[in-house]
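Worksheet: the structure to be examined is printed underneath.
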Amino acid sequence: MIRLSSVSHQIDGAKILSNISANIPKGQVTALIGPNGAGKSTLLSLIARLQGLEQGSISIDDLDVVTTPSDELARKLAILTQSNSITARLRVRELVAFGRFPHHKGRPNHKDLERIEEAIEQFDLGDLADKFLDEVSGGQRQKAFVAMAYAQDTDYLLLDEPLNNLDMASARNLMRNLTELAAQTGKTIVIVLHEINYAALYANWIMVLKQGQLIANGPAKEILTPQIIADTFGIEVTIHEIDGKTLVMHYG
Amino acid sequence: MTKGWAIALFLLALGTLASLLIGVIDLSQDEIWQDGEALSILIISRLPRTIAILLTGASMAVAGLIMQMIVANKFVEPMTSGSGQSAALGVLIATFLFPASSLFVKMAIACLVSLAGTAGFLALIRKLPAHQPLMVPLVGLAYGGVIGAIVTFIAFHTELMQYLETWFNGEFSGILQGRYELLWLAGLLTMLAYLTADQFAILGLGKNVSINLGLNYKHITRLGLAIVSLITAMTVVTVGIIPFVGLVVPNIVSRWLGDNLRKTLPITAILGATLVLLSDLVGRIVRHPFEIPVGTIFGITGTCIFLWLLYVPARSKPQKTKPSMSGTAS
């Protein structure tokens, strides 16, 4: 479980997050939703110690993110941030292989190599594995980064808008892969999503942020109400059950 | 891959042999072998010079590569962005304040000033907008230029101008036994860079990925800073500034094999050594028995190669690689 207690954060005097206290359940897919500028990315990067925590505390399975050594956390939690500007020119397989670094620290064994190949397989990158990242498309590069996070094989996986640049089928397959992963291996996945129907279909738990405030946090079914969505995004929606699946109609 | 290695090592061996045999004194005459003069030329002059060239080429290429990873920009190298000029400032200060001091003391001061100068460059570029990568080398050139001007100014007022040429225009003709051994330390630092190659490659994936993979970002950056500054200072003190090696060589290797440093760092070192060696040989041959400084020759060839790199986009070759574990297991 990820425990957030009284987390606040400011950047250059502007309040990004104010007094967030919440628990994110273990072994579930949690969707983090909210309008642009709600503080979703900041919250993820605080959980993953990419930014220093100013106020409050965050722990992951009782490991405090501030005091736990970074290399220990790297075996507990992986994060994929939204934009990745990289200087190094790497092949897809080499990038995925770096996901294993927290485990082998430079001396990969056959288990590491197996996991790398499995990640490449899982995200359908076999044909691209020997290409350089600057030779593949934006969506393919995005998949390679997700595969790298997968190869890291941590209990917790945080993904900030991983569906960016992905085509319809790739986006759906990625969401399916992640849901299966959580169901089969008990991994906890926290994912920032903009398409609310992906949250409706694949997430068990939803956390809603708006202007740095926690609006709601709970089981998906309880959160996806026309009221909460109207309060958060300021748009009218209707919610339907079709073949046992929830559909949020927000077009029109 | 193995074929590439074989070619690289063959060229290096050929160049090394040529470097031992080519010089002002012709070693092919039988008489100088009989009185042992040839042997002493080899031991006192040719061998030290050749070793110095190899160490300088390899370590400067690697220093350039490490600097590119820590500043996240492919267009910088220590000799043109302040580290080299700061090292020259260090030797100048040492020469002025402690004229009788040993080479070791001079080098220590050069190392300290170079560290400070490189740290200053890192601090300067941290404030630059991330979306304009070409600002970084431009700021580097200006920063290096300012420090270079300060060096010239001080040298002018302290009547030490005659030394400037030896620091600013690198050459190997003055290398003799007993005057190059500090470069072995640069070689050791290059080995250290190889031992931490994975960490430097991860730095090249950005700060977020580095922290995510459990790296101590600050420590690795500082280690890189130290390796770059010290290699630069040792090179400037013993042979002088040789520009472009640290810029051109890592970029050629990156184009060809990428930046998985565990795999490419040794090749970067070998290519750096080979190119500097060939430049020095050309400098020795063109106006024989006079010499053209290696920095001049490398400056011309380096600029041409660099322009080619800028204008010819990397083209993906048709994939012929076997679906093997290459790149992960190595």
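The values are calculated or read from the model by the stated rules, or taken from the named source; none is laboratory data. Because the structure is predicted, anything quoted here is derived from the model rather than measured. Here Cβ is always computed from backbone atoms with ideal geometry, including for glycine, and neighbour counts include all displayed protein chains.
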**Request:** Determine the pairs where a residue that is at the interface with another protein chain (Cβ under 10 Å from one of its Cβ atoms) and of a type in the set (Gly, Ala, Ser), located within region A:118-140, has a partner that is in a helix (DSSP H, G or I) and surrounded by fewer than 19 Cβ atoms within 10 Å (Cβ to Cβ) with Cβ atoms under 7 Å apart, the partner being 6 or more residues away or on another chain.
**Result:** none
**Message:** For region B:191-213, which positions are under 12 Å from A:PHE98 (Cα atoms), at the interface with another protein chain (Cβ under 7 Å from one of its Cβ atoms) and aliphatic (A, V, I, L, M)?
**Reply:** B:ALA201, B:ILE202, B:LEU205, B:VAL209, B:LEU213
**Asked** Out of B:SER229, B:SER254, B:SER279, which single residue is within 14 Å of another protein chain (Cβ to nearest Cβ), buried (at least 20 other Cβ atoms within 10 Å of the Cβ) and of a type in the set (Gly, Ala, Ser)?
**Response** B:SER254
**Fill in**
Restricting attention to region A:59-73, the residues that are in a loop (DSSP other than H, G, I, E, B) and either within 14 Å of chain B (Cβ to nearest Cβ) or within 9 Å of A:PRO102 (Cβ to Cβ) (or both) number exactly 4
**Message:** For region B:139-160, check the following and say yes or no: at least one residue is surrounded by 15 or more Cβ atoms within 10 Å (Cβ to Cβ) and within 23 Å of A:ALA88 (Cβ to Cβ).
**Reply:** yes
**Request:** Kindly check whether there is at least one residue in region B:50-70 that is of a type in the set (A, V, I, L, M, F, W, C) and farther than 30 Å from A:ALA88 by Cβ.
**Result:** yes
**Message:** Against the definition (crowded, with 16+ Cβ neighbours inside 10 Å, touching a Lys or Arg at 6+ places or on another chain (Cβ under 6 Å) and without any contact (Cβ under 8 Å) to a residue 60 or more places away in the chain), how does A:LEU181 come out, yes or no?
**Reply:** yes
**Fill in**
Subset of region A:184-195, residues in contact with a Lys or Arg (Cβ under 8 Å, 6 or more places away or on another chain) and free of Cβ contacts under 8 Å to residues at least 24 places away in the same chain, comes to none
**Asked** Quick one: what pairs do we get from region A:197-223, first residue more than 21 Å from A:ALA182 (Cα to Cα), second in a helix (DSSP H, G or I) and basic (Lys, Arg), C-beta under 9 Å, 6+ apart or different chains?
**Response** A:LEU209/A:LYS40
**Prompt:** Taking the condition in contact with a helix residue (DSSP H, G or I) (Cβ under 7 Å, 6 or more places away or on another chain) and either within 21 Å of A:SER41 (Cβ to Cβ) or at the interface with another protein chain (Cβ under 8 Å from one of its Cβ atoms) (or both), does A:ASN164 pass?
**Reply:** yes
**Request:** Filter region A:127-139 for residues that are closer than 22 Å to A:LEU113 by Cβ and assigned to a helix (DSSP H, G or I) and give the result.
**Result:** A:ASP127, A:LEU128, A:LEU133
**Asked** Applying the selection to region B:173-203, what residues are surrounded by fewer than 24 Cβ atoms within 10 Å (Cβ to Cβ) and either among the aromatic types (Phe, Trp, Tyr) or at positive phi (or both)?
**Response** B:GLY178, B:TYR180, B:TRP184, B:TYR194
**Item:** Options B:MET60, B:MET79; residue that is in a helix (DSSP H, G or I) and either at pLDDT 90 or above or under 19 Å from B:PRO289 (Cα atoms) (or both)
**Value:** B:MET60
**Asked** With B:LEU55, B:LEU42, B:LEU17 as the choices, which residue is part of a helix (DSSP H, G or I), at pLDDT 95 or above and either on the phi > 0 side of the Ramachandran plot or away from every other protein chain (no Cβ under 14 Å) (or both)?
**Response** B:LEU55
**Fill in**
A:ILE20 passes all but one of the listed conditions (1) among the β-branched types (Val, Ile, Thr); (2) within 15 Å of the chain's Cα centre (by Cα); (3) within 21 Å of A:GLY218 (Cβ to Cβ); the exception is number (2)
**Test: residue in region A:39-58 that is assigned to a strand (DSSP E or B) and polar (S, T, N, Q)** = yes
**Fill in**
Of the residues in region B:274-298, those that are in contact (Cβ under 8 Å) with a residue 60 or more places away in the chain and aliphatic (A, V, I, L, M) number 7
**Residue count, region A:141-159 (criterion: closer than 17 Å to A:ALA97 by Cβ and either more than 21 Å from the chain's Cα centre (by Cα) or more than 9 Å from chain B (Cβ to nearest Cβ) (or both))** = 9
**Message:** Go through (1) within 14 Å of another protein chain (Cβ to nearest Cβ); (2) surrounded by fewer than 24 Cβ atoms within 10 Å (Cβ to Cβ); (3) not aliphatic (A, V, I, L, M) for B:ASN260 and report which single condition fails.
**Reply:** (2)
**Prompt:** So which residues in region A:74-110 are in a helix (DSSP H, G or I), more than 7 Å from chain B (Cβ to nearest Cβ) and under 27 Å from A:ILE2 (Cβ atoms), if there are any at all?
**Reply:** A:LEU95, A:VAL96, A:HIS103, A:HIS104
